[in-house]
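Engineer: This is the structure, below, for whatever I ask next.
The values are calculated or read from the model by the stated rules, or taken from the named source; none is laboratory data. Please read all numbers here as calculations on a predicted model, not as lab measurements. Because the Cβ atoms are built from the backbone with ideal geometry, glycine has one as well, and the counts that use them run over all protein chains shown. Heavy atoms of the whole protein, side chains included, go into the accessibility calculation; ligands, DNA and RNA do not. Shrake-Rupley method; radii C 1.70, N 1.55, O 1.52, S 1.80 Å.
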Amino acid sequence: IKKTLNDFMKNKLSPETPVGFVSVDVDLYSSAKDCLKLFQGEAECYLPAVINWFDDVEHAITMNSWCGEALAIKEFNEANNFRKIEKKQVRTNRPQKWWHHQFYFAHILDHPVRTGEKKAQSLSINMFEF
């Protein structure tokens, strides 16, 4: 990640193909910290809220708020005023699965949709519309 992320951000990250989902499965604090640098691009290169899934924030006995992915998230939030990663609130009206608590959102607070500079858009995926 450390070797390839800068090239990806420079040559592939764009408003035409905004990031909408990120899965982080790197096991270590330093690698997780490198992954989160992805969210330092131009605001329009992301959806206003990007779904994140972190594999090691909940269940490994060695994971806690002072190491690993959780510490990388905490430090990211402290270092960024307009980009925040927050745990997704899971619905309580249905039985929970073990992996539900590993979902987070990267909130792109300076995104033009959030600042009111642009109107939100949606895309219909109804296959019966003609």
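Engineer: Considering only protein heavy atoms and a 1.4 Å probe, what is the carbon-and-sulfur percentage of the accessible area of the chain? Each step should come with its number before you reach the end.
Structural biologist: Details: 5140 of 9160 Å².
The C+S portion of the solvent-accessible surface of the chain is 56 percent.
Engineer: Please work out how much length the chain gains when fully extended from Asn77 to Thr17, using 0.36 nm per residue of separation minus the C-alpha to C-alpha distance, in nm with one decimal.
Structural biologist: Contour length minus the Cα-Cα distance gives 19.2 nm.
Engineer: Please work out how much length the chain gains when fully extended from Asn64 to Gln89, using 0.36 nm per residue of separation minus the C-alpha to C-alpha distance, in nm with one decimal.
Structural biologist: Numbers: separation 25, 0.36 × 25 = 9.00 nm, distance 1.89 nm.
Gain on extension, Asn64 to Gln89, equals 7.1 nm.
Engineer: Right, something else. Could you put Val22, Val113 in order of accessible surface area, largest first, with the 1.4 Å probe and the full protein assembly present?
Structural biologist: Working: Val22 20, Val113 50 Å².
Final ranking, largest accessible area leading: Val113, Val22.
Engineer: Working with all protein chains in place, sort Arg83, Arg94, Arg114 by solvent-accessible area computed with a 1.4 Å probe, largest first. Don't jump to the answer; show the numbers that get you there.
Structural biologist: Values: Arg83 20, Arg94 145, Arg114 100 Å².
Result, largest first: Arg94, Arg114, Arg83.
Engineer: Also, I was wondering about something else. Name the long-range amide H neighbours of Asn52: under 5 Å, sequence gap of 5 or more, or other chain; modelled H, no Pro or chain starts.
Structural biologist: The answer is Val22, Tyr104, Phe105, Ala106.
Engineer: Given only helices, namely DSSP H runs of n ≥ 4 each adding -39500 (n - 2.57), what is the per-residue ellipticity at 222 nm of the chain, to the nearest 500 deg cm²/dmol? Each step should come with its number before you reach the end.
Structural biologist: Values: 4 runs with 31 residues, N = 130.
Rounded to the nearest 500, the figure is -6500 deg cm²/dmol.
Engineer: Dipole magnitude of the chain about its Cα centre, charges +1 at Lys/Arg Cβ and -1 at Asp/Glu Cβ only, in debye to the nearest 20? It would help to have the intermediate numbers written out before the result.
Structural biologist: On the way: 17 positive and 17 negative charges, 49 e Å.
Dipole of the chain, to the nearest 20 debye: 240 debye.
Engineer: Looking only at the chain, where both bridge partners belong to it, what percent of the DSSP beta bridges are antiparallel (to the nearest 5)? Display every interim value, and only then the final one.
Structural biologist: Numbers: 11 of 16 bridges.
So the antiparallel bridges in the chain amount to around 70 percent.
Engineer: Compute the Cα gyration tensor for the chain, then decide on rounded, prolate or oblate, letting a ≥ b ≥ c be the square roots of its eigenvalues: rounded whenever a/c is under 1.5, prolate when a/b is larger than b/c in the other cases, and oblate in all that remain. Don't skip to the answer; put the middle values down first.
Structural biologist: On the way: a/c = 1.79, a/b = 1.23, b/c = 1.46.
Because a/c hits 1.5 or more and a/b fails to exceed b/c, the chain counts as oblate.
Engineer: Could I ask something else about it? Treat each spin label as a single point 7 Å out from the Cα along the C-beta direction, and report the Lys118 to Lys10 distance in nm.
Structural biologist: In this crude spin-label approximation the distance works out to 2.4 nm.
Engineer: Given a 1.4 Å probe and heavy atoms of the protein chains only, how would you sort Lys3, Lys84, largest accessible area at the top? The partial results should precede the final answer.
Structural biologist: Details: Lys3 195, Lys84 65 Å².
Highest to lowest solvent-accessible surface, that is Lys3, Lys84.
Engineer: Please compare each pair in Lys12/Lys97; Lys10/Lys74; Lys10/Lys97; Lys37/Lys119; Lys97/Lys119; Lys3/Lys118 to a cut-off of 31 Å on the Cα-Cα distance and tell me which ones are over it. Don't skip to the answer; put the middle values down first.
Structural biologist: On the way: Lys12/Lys97 34 Å; Lys10/Lys74 26 Å; Lys10/Lys97 37 Å; Lys37/Lys119 27 Å; Lys97/Lys119 35 Å; Lys3/Lys118 34 Å.
As for pairs spanning more than 31 Å Cα to Cα, those are Lys12/Lys97; Lys10/Lys97; Lys97/Lys119; Lys3/Lys118.
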